[in-house]
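Since the structure comes first, as structure tokens, the remarks are kept for the end.
Read the figures in this text as sums done on the coordinates, not as results from a lab. Note that the structure is predicted; figures quoted are calculated from it, not measured. So basically every Cβ, Gly included, is an ideal-geometry build from the backbone, and we count neighbours across all protein chains shown.
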């Protein structure tokens, strides 16, 4: 069973494309081989800036011979039907068999396909893969028609077994398959041949190429942390940057440089962002002061001066970059200390959305909402409104224009520099959070008020203009905004009705209060116009509110499902009154989820469903509702009397527990009914001949149903 080695050698592949390209190469080639009948034991792909490599072990030497039998038309069928059958089978009339069947003589074609050598199949699969490779972007070069991410220079393709290595015969746009490759561009020029994957990897290492990207990343991180540690410093972790840099070099050489003293006073985030975005440098921090004092760069070669020339060049370029950042920082500080309203006024000329106005309009809406939400979250209303008006001011700053990812953070620095309140400054940074299911959630009251207002304005605004997420498309990140509201409410244990929040936000977005005030001051046609505008806005609010609540519930299901709570359990709680109180809803769902994990809880569901089914069928058959009147004096069996007592005891516990929203105690009391209900069904016949006793027992089942449904809608529970 031979092993296959493929290398596609080209000019430098962008780092961001390498990982996906390796996965695509493995998938396309192995799928093509299997479809052609060649199975294998294992496969692995590797990438460097100049090569995609695939190794496939334990490949079949040839595809197996196949035998296919096809049933055709009757032997006396019309000639055209027979001709079509023969054409499809690729046979002549004398090559098919005529067999006797219960329906008469029928034609059968037996098609045998001989196995093919692995080399022939590999050549076809590889050409198909290369010509149809799914690069995000590709290019043509020279006079050929082949497209590749960068000019493709050579193709290595060999099959290796006990007898040795065999070059697969093939050609793609004049590039012949071979058994040679190249090492490092500068440190080991020239081509060399290989006979197996082990030989290939070993010779590449000698030629200053580390084939495995994980090994390159590990080398970079170990050398960087060791260099920093030797100077009493630490490298700022950045997994994304590490993966990117590992895709930029084939022979990583870590060098640590200095940042000029002139720039050490810049905020550490500015230094880190500038070095990462412009130079792909790692930041090195002083753990005692938190300042960024050095940088790590990764060269692609060793030099006689141990990287001194490389470092000098990098330090010179970095100083120029940081000089720009320092200029932006100092200019922005001058504005912040004098009058930040200059920035907020500039946002009047920045469109947020054609139908929702400018960024300044949006800020005004958020400020109104933040003031309304402040009492609910325990924030000072004036501080919340002020924070909302300043939170997005830094969008006009030069620093955020250069580095958009620093929005919010720079706002915090600028508000602090202007002497603003610390809670207002914190809100500028935190109001964008949380940005996902695991992102930080603000807890400071002012930050929570502004963050909620920001997300509610986004949701209600786009809902009001009918710009909702569809399928996988969510251009305005409304799902993320809804999850942000959910996490802000739950993590801060807020008791704020969702309907009221969205209703208030819709009123602000649709300017309902303004229309009402205008209507009172006008008469005649203008008053009618305002009245019509009010009617339209109220209609939008009436239709959007329930839809937006359902959207929140859908997002809540996704969020809780990741925490192990089943969707049917959430549905059972959503069906209850007060489902717009997210904190209450989640507490109920978690209590029910924990109850159903117990034997009593699981079996109680079966007892409830049995009681509900019997009761529903009896009510349909009798045309009456058995909803009251169960009396213990008509109980005949001991188990029947025990159930009455158990229901009385459970009701006495459940009613106060539900009133105090102690769902855990209520669920526990409900689960305690499992034994008495099981005993009742085992010992008692519901549909007895005595109609008085029958009615009493059906009313007893109604008590079970009513009591269980007071805790959660158990009819929604599956299974």
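If Rh is defined by the Kirkwood formula over all Cα pairs and Rg also comes from Cα, what ratio Rg/Rh do you get for the chain? Walk me through the numbers before you get to the answer.
Values: Rg = 36.4 Å, Rh = 33.1 Å.
Rounded to two decimals, Rg over Rh is 1.10.
Going by C-beta contacts inside 10 Å, put 399, 1, 17 in order with the fewest on the left. The partial results should precede the final answer.
Working: 399 26, 1 13, 17 17.
Fewest to most other Cβ atoms nearby, the residues stand as 1, 17, 399.
Would you mind computing, in nm to one decimal, how far apart the modelled labels at residue 202 and residue 1 are, each placed 7 Å from Cα along Cα→Cβ?
Going from the residue 202 label point to the residue 1 one covers 2.3 nm.
Using Cα-only point scatterers and the Debye equation, what is log10 of I(q)/I(0) for region 307-387 at each q in 0.10, 0.15, 0.19 Å⁻¹, rounded to two decimals?
So the normalised log intensities work out to -0.49, -0.76, -0.92.
Can you pull the percent of Cα pairs in region 369-441 with separation above 19 Å? Present the calculation step by step, with values, prior to reporting the outcome.
On the way: 959 of 2628 pairs.
Above the 19 Å cut-off, region 369-441 has 36 percent of its Cα pairs.
Going by Cα centres, region 109-175 and region 328-356 are how many Å apart?
Value for the Cα centre distance between the two parts: 57 Å.
For region 343-563, I need the span (max minus min coordinate) of the C-alpha atoms along each principal axis, in Å, sorted largest to smallest.
Over region 343-563, Cα extents along the principal axes are 53, 44, 33 Å.
Beta carbons within 10 angstrom, averaged per residue: use that to sort the peptides 367-374, 281-288, highest first. Intermediate values should be presented prior to the final figure.
Details: 367-374: 23.9, 281-288: 19.6.
Sorting 367-374, 281-288 by mean packing, highest first, produces 367-374, 281-288.
Rg/Rh for region 588-716 to two decimals, with Rh computed the Kirkwood way over all alpha-carbon pairs.
Working: Rg = 14.3 Å, Rh = 14.8 Å.
In region 588-716, Rg relative to Rh is 0.96.
Would you list 571, 713 from fewest to most Cβ contacts within 10 Å? Spell out each step's value before the answer.
Details: 571 18, 713 15.
So the residues, fewest neighbours to most, are 713, 571.
From the Cα trace of region 527-574, what convex hull volume per residue do you get, rounded to a whole Å³? Mind showing how you got there, number by number?
Values: hull volume 2.8 nm³, N = 48.
Each residue corresponds to 59 Å³ of Cα convex hull volume.
Report, to two decimal places, the Cα Rg of region 213-337 normalised by 2.2 N^0.38 Å (N = number of residues). Kindly include the intermediate steps, with their values, before the conclusion.
On the way: Rg = 14.8 Å, N = 125, 2.2 N^0.38 = 13.8 Å.
Scaled against compact globular proteins, the figure is 1.07.
Can you put 111, 704 in order of Cβ neighbours within 10 angstrom, beginning with the fewest?
On the way: 111 14, 704 26.
Ordered by Cβ neighbours within 10 Å, fewest first: 111, 704.
In vacuo Debye scattering of region 337-460, one point per C-alpha: log10 I(q)/I(0) at q = 0.13, 0.20 Å⁻¹?
-0.46, -1.12
Give me the mean projected area, in nm² to one decimal, of the convex hull enclosing the Cα positions of region 481-627.
Projected area, direction-averaged: 13.4 nm².
Rank by packing, highest mean first: peptides 231-242, 541-552, with packing defined as the count of other Cβ atoms within 10 Å averaged across residues. Walk me through the intermediate numbers first.
Working: 231-242: 15.1, 541-552: 16.8.
Packing proxy ranking, top to bottom: 541-552, 231-242.
Along its principal axes, what span do the Cα atoms of region 66-113 show, with the longest given first and each in whole Å?
29, 22, 14
Counting only helical runs of four or more DSSP H residues, what would the 222 nm mean residue ellipticity of the chain come to if each run contributes -39,500 (n - 2.57) and the total is spread over all its residues?
Working: 26 runs with 379 residues, N = 719.
Using -39500 (n - 2.57) per qualifying helix, the result is -17000 deg cm²/dmol.
On alpha-carbon atoms, Rg over Rh for region 38-159 using Kirkwood Rh?
Using Cα coordinates only, the ratio equals 1.21.
Please work out the Cα center distance from region 239-318 to region 524-552, rounded to the nearest Å.
Taking the Cα centre of each part, region 239-318 and region 524-552 sit 56 Å apart.
Output the Kirkwood hydrodynamic radius of region 156-256, Cα pairs only, in Å rounded to one decimal. Let's see the in-between values first.
On the way: mean 1/r = 0.0628 Å⁻¹.
For region 156-256, inverting the mean 1/r across all distinct Cα pairs yields 15.9 Å.
With just the Cα atoms defining each centre, how far is region 579-604 from region 400-426? Give it in Å.
42 Å
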